[in-house]
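All remarks here apply to the structure that follows.
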Amino acid sequence: MQHVLPDERGHYGEFGGKFVPETLMTALEELEAAYARYKDDPKFKTELEFYQRTYIGRPTLLYFAEQLTKHYGKAKIYLKREDLCHGGAHKINNTIGQALLAKRMGKKRIIAETGAGQHGVASATAAALFEFECQVYMGEEDTRRQSLNVFRMNLLGTEVIPVTSGTRTLKDAMNEAIRDWVTNVETTHYMIGSVAGPHPYPMMVRDFQRIIGDETREQMLKIEGRMPDYIIACVGGGSNAMGIFYPFVGTGVKLIGIEPAGYGLDTGRHGAPLTKGDKGVLHGSLSYLLQDEYGQILPAHSISAGLDYPGVGPEHSYFKDNGLAEYSSITDKEALAAFQLLSKKEGILPALESAHAVAYLEKMIDKTSKDDIIVINLSGRGDKDVQVVADALGVRL
Amino acid sequence: MVVTKLNRIDEIFKQLRATKRSALMPYLMAGYPDIEASLSLLISVAEAGADLIEFGIPYSDPLADGPTIQAASEVALTTGVNTDIAFDLVKKAREKIETPIAVMTYYNAIYRYGLERFAGNAAESGVDGVICPDLPPEEASPWSEAAAQYGLANIMFAAPTSTNERLKKIAHMSRGFIYCVSLTGVTGARTNLPSNLTDFIGRVRKVTDKPLAVGFGISQPEQAKQVADIADGVIIGSALVSLIGADRETCTDAAAAYISKIREAMDS
């Protein structure tokens, strides 16, 4: 059955929607109308494809990880190399798309939120390329954890605004970006980096990211002559997972999203709302969240700043409740081990986010056979995480 | 339980209209500066001349609020205040005051508590209406129905960016009054009123005869007077909250004095 959501009000079953201040509603309507007008427009599509091919570096490789496969001696493991995208992560698939749209909407300024800094860098990159003024909100805690990315954004001509409210991480950066947008809505495009936020963002970001899955499908058919058995991807807000999952929904391929279990699911210090959260509204949409009995949002924790978020995109909540994908979790420690394993076995440093997906092999590979095929979405590269990994391993650089 | 008596909010606007006055509507926050003081403030502000009190339940992620209310929310949440305690404070205040009270909080606080349960407990404690800044008409039906069932006014927002078509929808759905956001931005005191405020209020007037209250950015007596000339209600939030935060010992008296001064300017 064809999966055709959201409905015209931006709902995925009971999830999604537009829970934002009235001031933003007209802007969301305008964005929705602009997106509807251009998404199938041949000129828009040609331009997007041009930048995907000549700037982002698409299609990205689908790489057979022979050493990793040998190491486990079970299913064949492929890596979808989104880490090879320009900028080092899948985030740019979305920012180039949104920048082309914002240009057509006549916006002059772009704002974005960022956790690990990858979406901030991708926004700054698109802003530089298409001559937008750009400001990125980043939790103060994250500017410290990811100082390299802060400087990268500065080099790209973007101002990074440290956010000191609340938990000083991604959720607060997003609050602050929304406040900026409420204030400057007429001139500014808010470039949301995940399949989260109010409609039409979850849909639009999914559509810009589904190229990951579309390519994977085509490449897999070419290499193996068949569909994979499993696709594994990490889930923070969930854009890389949605991107690779979406074209496979309902095809029988097992789709597995990995949330960060942080210090462990029972410690209360994790970022796994699909596994341990309850339904609620955060940042404009209804989805699973980490919250207390009164609906106050609880701080998330993950060693990976990009997964350190108490919410998740609404379509993932829909997938979970309707069995279209399954979700599991990986601790900081397990992700660190996978980071080292992939580096040593394949000569590829994965982003700590993506290392969560790699780590899940330990938990599932035993039930696979040599005939099975697994694809892991390697959503980003790990250079940005070297300092964090060194700290965690007790190495002084 | 279905409440049939006229809601206190409708009552006050009826009275004020008859005397051609505007409502003075201060915002206070449950648990700010602490739980006990927020109860004293409800009473003192009512006695100082408030026509309606907005009583905020602090929220962890107040994305429509500026720095003053964000900071106050963080302080208030450390006092252990929660939705039940906020309702209890209203119940206690009701022993002394009849001033209409509208609770203001974000939708997740309502959703998580349970729509029916929230509406029922709010009404039972003496709350008259609910203001929810992140619940536009598109998503408001379930809550609006639950609120109506308990005789609570569901107060909706209108913004300068709202199209006329949206204003119609908002006006149709809003009960009690319409909360007109004076500017495109978050809450917080501003030096000047936006220049297009009169036009905006005029646009809303064209689609409804429900009472219009203006909030965001109003802090000075003369601003309140100007707004009172064009609207049915003047909402004062951040300015009062920062005054309360400045000196917790004397905040009850200081708040009362400030409200009297605004009242005087509005009635002059």
Round to a whole number: what % of the accessible area of chain B belongs to carbon and sulfur, probe 1.4 Å? 50
Want the number for A:Asp383 to A:Arg104: 0.36 nm per residue separation, take away the alpha-carbon distance, what's left? 97.0 nm
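For chain B, what number results from the quotient of the Cα radius of gyration and 2.2 N^0.38 Å? Present the calculation step by step, with values, prior to reporting the outcome.
Working: Rg = 16.7 Å, N = 268, 2.2 N^0.38 = 18.4 Å.
With N residues counted in chain B, Rg over 2.2 N^0.38 Å equals 0.91.
Say a site is exposed when it is one of the chymotrypsin sites (Phe, Trp or Tyr not before Pro), sits in a DSSP loop, and has at most 16 other Cβ atoms within 10 Å; what is then the longest site-free stretch of chain A?
Values: sites that count: A:Phe130, A:Tyr263.
Answer - A:264-397.
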Whole-Å semi-axes of chain A's equivalent ellipsoid, largest first, each the root of 5 times a Cα gyration tensor eigenvalue? 29, 23, 21
In whole angstrom, how far apart do the alpha carbon centroids of region A:362-397 and region A:180-209 sit? 30
Starting from the Cα of B:Asp267, step 7 Å toward the Cβ, then list every residue of region B:30-57 with an amide N under 18 Å from that point. B:44-53
Here the FRET efficiency for A:Glu293 versus B:Thr198, based on Cβ atoms and R0 = 41 Å and rounded to 0.05, is 0.35
For region A:247-308 and region A:20-51, distance of Cα centres in Å: 28
With a point put 7 Å past each Cα toward its Cβ, work out how far B:Gln149 is from A:Ile223 in nm, to one decimal. 5.4
Rounded to whole Å², per residue accessible area for region B:8-267 with a 1.4 Å probe reads 36
For region A:48-150, what is the convex hull volume of the alpha-carbon atoms per residue, in Å³? 120
Inter-probe distance in nm under a simple model that places probes 7 Å from Cα toward Cβ, at A:Phe151 and B:Ile230: 5.1
Net lengthening on full extension, A:Gln340/A:Glu8 (0.36 nm per residue, minus Cα-Cα): 115.0 nm
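Considering all alpha-carbon pairs of the protein assembly as shown, what whole percent are spaced by more than 41 angstrom?
29
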Quick one: Cα centre-to-centre distance for region A:96-144 and region B:148-197, in angstrom? 30
Of B:Gly237, B:Gly202, B:Gly31, which is the most mobile in a GNM of chain B whose springs link Cα atoms less than 10 angstrom apart? B:Gly202
Hey, what do the phi angles of region A:327-332 turn into as Karplus ³J(HN,Hα) couplings, whole Hz, using 6.51/-1.76/1.60 and θ = phi - 60°, x for Gly and Pro? 10, 9, 9, 9, 6, 3
Buried accessible area, chains B and A (both chains, 1.4 Å probe, Å² to nearest 100): 3100
Rg followed by Dmax, in Å, when region B:111-255 is reduced to its Cα trace: 16.3, 48
From the phi of every residue in region A:137-144, what ³J(HN,Hα) in whole Hz does the Karplus formula 6.51 cos²θ - 1.76 cosθ + 1.60 yield, where θ is phi - 60° and glycine or proline is x? 8, 9, x, 4, 4, 6, 5, 6
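The values are calculated or read from the model by the stated rules, or taken from the named source; none is laboratory data. From a predicted model like this one, the values you see are computed outputs, not experimental measurements. Glycine gets a Cβ as well: all are built from the backbone with ideal geometry, and neighbour counts include every protein chain shown. Ligands, DNA and RNA are stripped out before the accessible areas are found, and what is left, the full protein with its side chains, is counted by its heavy atoms. Shrake-Rupley method; radii C 1.70, N 1.55, O 1.52, S 1.80 Å.
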